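Readers should treat all values here as calculations from the given coordinates under stated rules, not as data from a laboratory. Note that the coordinates shown come from a computational prediction; the quantities given were computed from them, not determined experimentally. Ideal geometry is used to build each Cβ from the backbone, glycine not excepted, and the neighbour counts take in all protein chains shown.
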Amino acid sequence: MSKETENVGFVCENCGCEVGPLSNGSFRNHCPACLYSKHVDNQPGDRMAKCFGLMEPVSVVLTSKKWLQILHRCLECGEEKLNKVAENTDQCDDYGLVLKLMEEAGKMIR
């Protein structure tokens, strides 16, 4: 799959936001407004998942390698996936929601 076919815009099935592709060379895999994702990959970018359920943001993980990642849980099958928080882009994620999710999950940066 090429970057052009992977990095496309979409309409969020959770909140209806029109989400454009990222322009920083990365791929958009969740809505920047509500942080929901869609279960489309088994491995990043393969588009081979058969579930297609909405993936709810449930936590935020802080790592030294990928910085902030949102933990999504599929509302259909329960599978969990990590997705990097989009930052420094034309459509960065809503950091207020990221911080709220961190607080709710008990994960605060110190």
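A few notes on this one:
- Packing-based order for 29-39, 57-67, using average beta carbon neighbours within 10 Å, highest first: 29-39, 57-67
- Selection of GluC sites (Glu not before Pro), region 31-110, meeting DSSP coil and at most 16 other Cβ within 10 Å: Glu76, Glu79, Glu87
- Legend: ranking of residues Lys100, Lys50 from fewest to most surrounding C-beta atoms inside 10 Å; resulting order Lys50, Lys100.
- Summarising the amide proton neighbourhood of Cys17: residues at separation of 5 or more, or on other chains, whose placed amide H is nearer than 5 Å comprise Cys12.
- Multiplying the residue separation of Glu104 and Val61 by 0.36 nm and removing their Cα-Cα distance gives an extension gain of 14.2 nm.
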